[in-house]
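The block underneath contains the structure these notes are about, expressed in structure tokens.
The values are calculated or read from the model by the stated rules, or taken from the named source; none is laboratory data. This is a predicted model, so every value here is computed, not measured. Cβ sites come from the backbone with ideal geometry, for glycine too, and all protein chains shown count toward neighbours.
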């Protein structure tokens, strides 16, 4: 007969790749965690973990068992939530958002959701690092540009518009303007390689929208031909205050054509069962997006 305590302990060790970290998360002595895993392996007559003095990792059999157990346990948790709590949502949600995600918009989302569901606590990591949903125990991530990696599901949340921005002192590009006279910062890699080689080079190269905007704002007025492709949502306040100016890129770079787009995705593990509070949060985000109803898509790129 299945021992749920042993299975819960096994799942935690598998997620952490560490007996010590699993013990801390479960508020148990490490010896108890070790004993439960040993008893589970003896009952199943199979080795679930490779153990060294520095590392713990799943065996092939352990990986297969982990996938089955995690889905089953989440189904039980969701069933219990639905039976005992009805409309009330409780528990934690662990969310990762990129550094450049608009913080006022995020704050509005979070405040509105937690006001509706005060029993939910949302833990947020602001990082551009690739998300390891298992070892870092994340429920979902918001990512732009490249939405997911193998084994993950990405659902399109919305789309941001990218425009060319510069200081108000920047001469508006005319039909006779030459790209080689300008320095164009391009953190989203909008420019094709042959055009990147044409523009004047800059001493600083970054894929951070926030830092790129700061570089433009801090540019010397005498060096007035510095511009950058940046999200409209990131620059709206600076445009309103007169610190930045949106430029029409079509005269300077007609090859690009229409205003570039920056898609934003909800990324989550490819699990058959998602906790009800997490699904409610996803539905809430989608309900506030102009892309509600976009189907879930499997992606095979990095979460960055």
>> Six or more apart or on different chains, Cβ atoms under 6 Å: show the pairs whose first residue is in segment 93-118 and under 23 Å from residue 232 (Cα atoms) and whose second is in a helix (DSSP H, G or I).
In response: 100/209; 100/210; 102/233
>> Which count do you get for residues in segment 121-145 that are closer than 19 Å to residue 288 by Cα and surrounded by 18 or more Cβ atoms within 10 Å (Cβ to Cβ)?
In response: 5
> What's the number of the condition residue 297 fails, among (1) surrounded by fewer than 18 Cβ atoms within 10 Å (Cβ to Cβ); (2) at pLDDT below 90; (3) assigned to a helix (DSSP H, G or I)?
Replying inline: (3)
> So residue 69 fits all but one of (1) in a helix (DSSP H, G or I); (2) touching a helix residue (DSSP H, G or I) at 6+ places or on another chain (Cβ under 9 Å); (3) surrounded by fewer than 15 Cβ atoms within 10 Å (Cβ to Cβ); (4) modelled with pLDDT under 90; what number is the exception?
Replying inline: (3)
> Looking at (1) part of a helix (DSSP H, G or I); (2) in contact with a strand residue (DSSP E or B) (Cβ under 9 Å, 6 or more places away or on another chain); (3) surrounded by fewer than 21 Cβ atoms within 10 Å (Cβ to Cβ), which is the one condition that is false for residue 279?
Replying inline: (2)
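For segment 33-49, enumerate the residues that are touching a residue at least 12 places away in the same chain (Cβ under 8 Å) and either out of contact with any strand residue (DSSP E or B) (no Cβ under 6 Å at 6 or more places or on another chain) or more than 12 Å from residue 13 (Cβ to Cβ) (or both). Walk me through it before giving the result.
At the first step, the residues of segment 33-49 found to be touching a residue at least 12 places away in the same chain (Cβ under 8 Å) are 33-34, 36-37, 39-40, 43-44, 46-49.
Residues satisfying the conditions are 33, 34, 36, 37, 39, 40, 43, 44, 46, 47, 48.
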> Checking residue 54 against (1) out of contact with any helix residue (DSSP H, G or I) (no Cβ under 7 Å at 6 or more places or on another chain); (2) outside the structural domain of residue 275 (by TED's automatic domain parsing); (3) at pLDDT 90 or above; (4) not in a helix (DSSP H, G or I), which test does it fail?
Replying inline: (3)
> Can you tell me which residues in segment 72-97 are at pLDDT 85 or above and assigned to a loop (DSSP other than H, G, I, E, B)?
Replying inline: 89, 90
>> I want to confirm something. Restricting to segment 8-27 and keeping residues that are more than 20 Å from residue 61 (Cβ to Cβ) and touching a residue at least 12 places away in the same chain (Cβ under 8 Å), which single residue is nearest to the chain's Cα centre (by Cα)?
In response: 25
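Of 164, 170, 152, which residue is modelled with pLDDT under 80, closer than 20 Å to residue 237 by Cα and either buried (at least 19 other Cβ atoms within 10 Å of the Cβ) or under 20 Å from the mean Cα position of the chain (by Cα) (or both)?
Details: 164 fails: modelled with pLDDT under 80; 152 fails: closer than 20 Å to residue 237 by Cα.
Criteria check complete, one pass: 170.
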